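The values are calculated or read from the model by the stated rules, or taken from the named source; none is laboratory data. What you see is a predicted model, and the numbers here were worked out from it, not measured in a lab. Counting neighbours? That spans all protein chains shown, and the Cβs are built from the backbone with ideal geometry, glycine included. Please note that ligands, DNA and RNA were not included when accessible areas were found on the heavy atoms of the full protein model with its side chains. Shrake-Rupley method; radii C 1.70, N 1.55, O 1.52, S 1.80 Å.
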Amino acid sequence: MTSPAEKMVAEQLVPHGVTDERVLHVMSTIPREEFLSGSVRRYAYEDRALAIECGQTISQPLVVALMTQAANPQPADVAREVGTGSGYQASVLSRLCGRLITLEREPALGERASATLRRLGFDNVEVAVADGSLGWPEHAPYNVILVAAAAAEVPPALLDELADGGRMVIPVQIADGEPQDLRLYSRRGDDITYRSLFPVLFVPLRTG
C-alpha cells in the first residue's frame with residue numbers, strides 16, 4: 001500500500017524536476033504530518049505551504065525538495081539551516097548530511113522543532129535559538145547553508161562561513177511586491193558566484 005509520503009513524491013516531486021534519488025527516497029520516508037499540529041495536519045501532503053506557529057510557514061513539499069536538491073548535501077557535509085520553523089526541512093537535510101545546525105529566532109518554534117526531531121530519531125541535528133543571519137562560527141565553515149526566509153540582501157556572515165566548494169540556497173527579495181529569486185551560491189576559493197533557480201514566496205528573513 002502506498003503511503004501518503006510516497007504518493008506525494010510520485011505525484012508532486014518526480015513530475016516537477018526532482019531527480020535526485022536520495023532526496024526522493026528521504027522525502028518518501030519522513031512523516032510530514034508529525035511537524036504540524038492541530039487541524040493543519042490533515043493537509044500535510046498537499047502541494048502548498050501551510051501556516052505554523054509564530055506567523056511562519058512550512059514550505060510546500062516541492063520547494064523543500066528542489067532546495068535540497070540544489071544544495072546537494074553529501075554524507076560527510078556539515079550543514080547549516082537558517083529558519084528551523086517546523087523542523088521538516090531540517091529532517092530532510094539531516095538524512096543527507098553528516099551534521100546539521102539549524103537556527104531559529106523564535107524560541108517556541110525552536111523548542112517544538114527540537115522536540116519533534118528528537119522524538120523521531122534525527123540525532124545529528126542541533127537546534128539553536130539565534131539570529132541565523134549573524135552567522136554561527138562554532139562549526140564553520142559549512143559545506144551547505146540553506147535559508148528558509150527571504151533576505152533583502154544576502155547576509156555577509158553566511159557567505160563568510162561557506163566552505164570552499166560549499167553551496168548556499170537562499171531566497172532574495174529583489175523588489176517589494178515581486179516574487180523572490182531563489183539563488184544557489186557557490187564558493188571556489190575566494191570566488192563566490194550565484195545562479196537563479198526559480199521564483200518563490202517565503203516569509204521575510206528577520207534579524208535581531
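Sequence-distant contacts, meaning Cα pairs under 8 Å at least 6 residues apart, place the relative contact order of the chain at 15 percent. Surface exposure of the chain, expressed per residue as accessible area with a 1.4 Å probe, stands at 46 Å².
A simple spin-label model places the labels of Y194 and R48 2.9 nm from each other, with each point 7 Å out along Cα-to-Cβ. In this structure the amide hydrogen of E126, modeled in the peptide plane, comes within under 5 Å of the amide hydrogens of L100, I101, T102, none closer than 5 places in sequence on its chain.
Karplus-based coupling profile of region 44-61, in residue order and whole Hz: 3, 9, 7, 7, 6, 6, 10, 6, 10, 5, 6, x, 9, 9, 9, 5, 4, x, with θ = phi - 60° in 6.51 cos²θ - 1.76 cosθ + 1.60 and x standing for Gly or Pro.
Go ahead and collect, in residue order, the members of region 159-174 whose backbone nitrogen is under 16 Å from a label point 7 Å along the Cα-Cβ direction of A76. Residues passing the 16 Å test: 163-167. Ignoring any ligand, DNA or RNA, what whole percent of the accessible area of region 1-66 comes from carbon and sulfur when the probe is 1.4 angstrom? Carbon and sulfur: 53 percent of the exposed surface of region 1-66. A Stokes-Einstein calculation at 20 °C with viscosity 1.002 mPa s, built on the Kirkwood radius of region 13-133 over Cα pairs, returns a diffusion coefficient of 149 µm²/s.
Taking amide H positions as modeled 1.01 Å from N, with prolines and chain starts lacking one, the residues under 5 Å from L197 and 5 or more places away or on another chain are L182, R183, L184.
Distance between Cα centroids, region 154-208 to region 73-93: provide it in whole Å. When both Cα centres are located, 16 Å separates them. Taking 0.36 nm per residue of separation and subtracting the Cα-Cα distance, full extension of the segment from D176 to A10 would add 56.3 nm. Taking only the Cα atoms of the chain, the radius of gyration and Dmax are 15.7, 50 Å. Shape summary of region 101-206, radius of gyration then Dmax from alpha carbon positions: 14.5, 41 Å. Proximity of backbone amide H atoms, modeled 1.01 Å from N, is registered between R167 and V144, I145 at under 5 Å, excluding neighbours fewer than 5 places apart on the same chain. Peptides 98-105, 154-161 ranked from most to least packed give 98-105, 154-161, packing being the mean of other C-beta atoms within 10 angstrom over each peptide's residues.
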